[in-house]
Each structure stands twice: as C-alpha cells, then as structure tokens.
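**Student:** Structure incoming, see below.
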Amino acid sequence: MKTFFVTNRHLWNRILAGVAGLAIFCMLWPGSATAHRVNVFAWVEGDTVHSQSKFSGGKLVKGGEVIVYDLGGKQLLSGKTDDKGEFSFKVPERVAMKMVIQAGTGHRGEWTIPVNEIIGVSELKTEPAAPVNNTPEKPLVQAPMPGLNGDEVRQIVEQTLDQKLKPVIGLLVETRKAGPTLPDILGGIGYILGLMGLAAYMHFRHKSAQIGAEKKD
Amino acid sequence: MHISEGILSGPVLISGVALAAAGTAIGLKKLDYERIPRAAILAASFFVASLIHVPVGPSSVHLILNGIVGLILGWGAFPVILVALVLQTVFFQFGGITTLGVNTMIMAAPAVFCYYLFGGLVRKRPGIALPAAFACGGLSVFFGGIMVGLALIFTEENFLKVSYLVVAAHVPIMIIEGLITAFCVAFLKKVQPEMLQK
C-alpha cells in the first residue's frame, strides 16, 4: 500500500486538488434554480387546501399538472399550478389525500394530507347523503350570538387561528429546504472516494496473495 | 434529465434495469485497476455537476458531463454514472431508486455511443481532436434528451414532443458541455495524454 502512495503521489495530489477545486466551485456557484426534484408543500386553511410547488433549487413550478387522489387511488380533482407555483382547492371529502404534481418531462412530486389536518370541514360532509355545497362561504364576520353552539365556536376559533398562522405558514413555505446542502455534497464525494479505496484494497489484497503464492513456490 | 419515481411503467423500468446492468457488467470488466482513480474523479465530477445550474427561459437545467466521462472511460461510464446516480438519488433526491436503471441508460448509453463515434478522432492531432471533443460533449447531452423521450414514450405518448422539449431546454448545456469537453481534452493532451488512450 505504501509503495502505491509513493509511486502515485502526483496522481493522489491531483485527485485531491481536483476534488477540492470542484467542491469550492460548487459552493461559490450562484445556483438559483434547477429542474429536478419537485418539492410540494400543502397546508389546510379551513376548508381549503393551499399548495406551493418548487423545483429543487427554488424555481417555481408554473403550469404544472396537479392531481389529487384519495389514499385508495381514486382521483378527486385536478388542476394546474399558477405563475406563483400555487394551487388551491376546496376539500371535496373529509379523507386523507395525496397531491401529485407532474411538471412535465419526467418531473414529479407528491404530498400527503392526513385526515386529521382537515378540521375545517364539517363532519356532516362525510355522510353520503350530505349535499356537496354545505360549507359556510363567509362565516368570518358572523357576530357572536348568545346562542352559539360548540360547532360554531370551534369554527370561529379555527378561522382566527388560520389567520394568525398565515405568516408562520408563509415562513415555513419560504424556508423549506430548497436544494442539496453542503453535507449532502461532501457526503457523496466521500462515498466515491471510499469506493475507490475499496477497489484499491481489493486489488492489493489480490496482488499480495499472488506474491505470497509465488514466494511459497 | 433524471426521471422521477412513479412516472414510468413496469416494463420500461425493468428493461432499463436489465440494460443498465448489462452495461455496468461490461464496464466493470473493462475498468482495470489503473483506471479506478480516474473513474472515481469522473464519478465525483458527474455527481456534483448536477448542482451547477444554467437558467434557461422559464426553466433551468444543469450540467451533466456524460460526454467527458464516456470519452475517458468508454464502457466504464456505466458503473461510474450508476454510482453517481445512486448518490444523487440518496443525497439530493434527484430521480429515484426504481428509475435508476432507466436514468443510467439515459446518461450512460449516449456516453458510450459518443465514445465510439469520437474516441478515435480525439486521439488525433488537435485540429481534429478539439472539434470532435466539442461534438462529443454536445451530442452526449443531445442523445440523452432523445433517450428521455424514448423512456417516456409509453407514458407521455408523444415521443417527438417530449424529446424536442428536453433537447430544446438543453441547447445551452450542449454548448457549455461541448466547450468543457474540448477544454478538458486540450488540457489532458498537454498534461497527461495517457488519460485519453484506449
């Protein structure tokens, strides 16, 4: 092993210099956008699901095809993302849903909305006979009446919470991991160097076994 | 050029895996010990090249570098690209585990093809070698786009349209990769000409 490092010293220096150079190059590169992985982020506000889709790197998915399924694979609705990469829809049924975004030429992303996040939709909606359009359209300004029942109070609280949480959700959307981080990059390069080391080890084990066999003869 | 999980149908995925496995087996057989370090450098370059983005119109694309990998390694491009793609999938979530075979074919098959087309020319004098290296870098990306169209032929149904979209988006990348490949070849010819030998 030692002779290998000595005889190949320039090669090793060059490899190290090359890898370090590439890593530095990548750190300095003003990479802003990409076309690759599609990141979907969806959140529920009352009876509406909002979503934003980005490519890894932060570029918005404009005009991406959105299909919403229930977990059984039945298609509930479909649409397209707007210029901000956003897509919103009213919750059609109180079931867990899976959003799938197809951004064309092989790009796809998905997000699952668990059923316990969909709290703004009245329980009645799960009953099969319930009319589709029974969600309150503009209940926000309802004056608190003396005869409020539990459901109404809950709805008012939820709406207020949704409003208060809006900036927080906005922040979450903004700060979502946009692309690979430095540890990811260095980790990958480390694996490649490790594989090379493994190949070198196998080779020299094989070689030293051969030398050992020759000595015996 | 990485196709995500959940788009392709089973037969496409399976044939991708079979072809990529065959290519990798040939590549490993041809990759003798002296070439391991250079294969590793190229794998590392391929791995990080995908992070170098070039904004193109509404979308943006990244470097691929399959041309130079093919030119230096020939069939060795298969194992190298496979390893780099596995790591890109695991660390960057580019592509997907089930699409590894198809993605390897998309990027490695054009690399080997261009190696046969241009490998001989590149070893000749600079007047021929540099244009050939440029063409090798550019065409590897071009054929990659065609391969994406082929892979999606059973899902997006319009081979010409998909190929056109992918190739059109990658035109700047073709030019950049052509330049990078020509630059690498010029550099290697001066510094370490044995890297380009068969």
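No lab work stands behind these numbers, since they all come straight from the coordinates. Bear in mind that the values here come from a model prediction, so they are computed numbers and not experimental data. Here Cβ is always computed from backbone atoms with ideal geometry, including for glycine, and neighbour counts include all displayed protein chains.
**Student:** Based on the mean of other Cβ atoms within 10 Å per residue, sort peptides A:49-55, B:125-131 so the most packed one is first.
**Tutor:** A:49-55, B:125-131
**Student:** Hey, got the average number of other protein chain Cβ atoms within 10 angstrom for residues in A:180-190?
**Tutor:** Partner-chain Cβ atoms within 10 Å, mean over residues of A:180-190: 5.
**Student:** Once the Cα atoms of helix B:10-30 and of chain B are each reduced to a long axis, what angle between those two axes, in degrees from 0 to 90 to the nearest 10, is obtained?
**Tutor:** Result, in degrees: 20.
**Student:** Continuing with the same structure: Using only Cα atoms, tell me the angle between helix B:36-49 and the longest principal axis of chain B; keep it within 0 to 90° and round to the nearest 10.
**Tutor:** Tilt of helix B:36-49: around 50 degrees.
**Student:** Follow-up question, since we're still on this one. Along the charge dipole of chain B, which of B:I106, B:I52, B:P126 sits closest to the positive end, that is, farthest toward it, with unit charges on the beta carbon of Lys, Arg, Asp and Glu (+1, +1, -1, -1)?
**Tutor:** It is B:P126, whose Cα lies furthest towards the positive end.
**Student:** Any idea which of B:T24, B:V90, B:M195 is furthest toward the positive side of the dipole for segment B:10-196, if Lys and Arg beta-carbons carry +1 and Asp and Glu beta-carbons -1?
**Tutor:** Ranked along the dipole, the leading option is B:M195.
**Student:** Of A:K207/B:K29; A:K54/A:K84; A:K54/A:K80; A:K59/A:K80; B:K30/B:K189; A:K54/A:K98, which pairs sit farther than 19 Å apart, going by alpha carbon to alpha carbon?
**Tutor:** Correct reply: B:K30/B:K189.
**Student:** Oh, and also: In nm, to one decimal, how far is the modelled label at A:E117 from the one at A:A213, with both set 7 Å along Cα→Cβ?
**Tutor:** It works out to 6.1 nm between the two label points.
**Student:** A further question follows. Over all residues in B:81-89, what is the mean tally of Cβ atoms on other chains that come within 10 Å of each residue's Cβ?
**Tutor:** Taking all residues of B:81-89 together, the mean is 3.
**Student:** Okay, moving on. Quick one: Cα centre-to-centre distance for segment B:1-77 and segment A:60-118, in angstrom?
**Tutor:** Going from one Cα centre to the other spans 31 Å.
**Student:** Strictly greater than 31 Å: what percent of every Cα pair in segment B:10-196 meets that?
**Tutor:** Here the tail beyond 31 Å accounts for 12 percent of pairs.
**Student:** Okay, next question. To the nearest 0.05, how large is the calculated FRET efficiency for A:D151 and A:I67 if R₀ is 22 Å and r is the Cβ-Cβ distance?
**Tutor:** 0.10
**Student:** Under 5 Å between amide hydrogens, which residues at least 5 positions from A:L77 or on another chain qualify, with H placed 1.01 Å from N in the peptide plane?
**Tutor:** Answer set, sorted by chain and number: A:V68.
**Student:** Determine, for each peptide in B:85-91, A:206-212, B:12-18, the mean count of other beta carbons within 10 angstrom over its residues, then list the peptides with the highest first.
**Tutor:** B:85-91, B:12-18, A:206-212
**Student:** Determine the shielding of peptide B:4-13 by partner chains: average, over its residues, the number of Cβ atoms on other chains within 10 angstrom of each Cβ.
**Tutor:** Rounded to a whole number, the mean comes out at 2.
**Student:** Next up: So for chain B, averaging the separation of alpha carbon pairs under 8 Å that are six or more residues apart and normalising by length, what relative contact order in percent results?
**Tutor:** Value for chain B: 26 percent.
**Student:** Still on this structure, I have one more. On a 0 to 90 degree scale, rounded to 10, what angle separates helix B:100-122 from the longest Cα axis of chain B?
**Tutor:** Helix B:100-122 sits at roughly 30 degrees to that axis.
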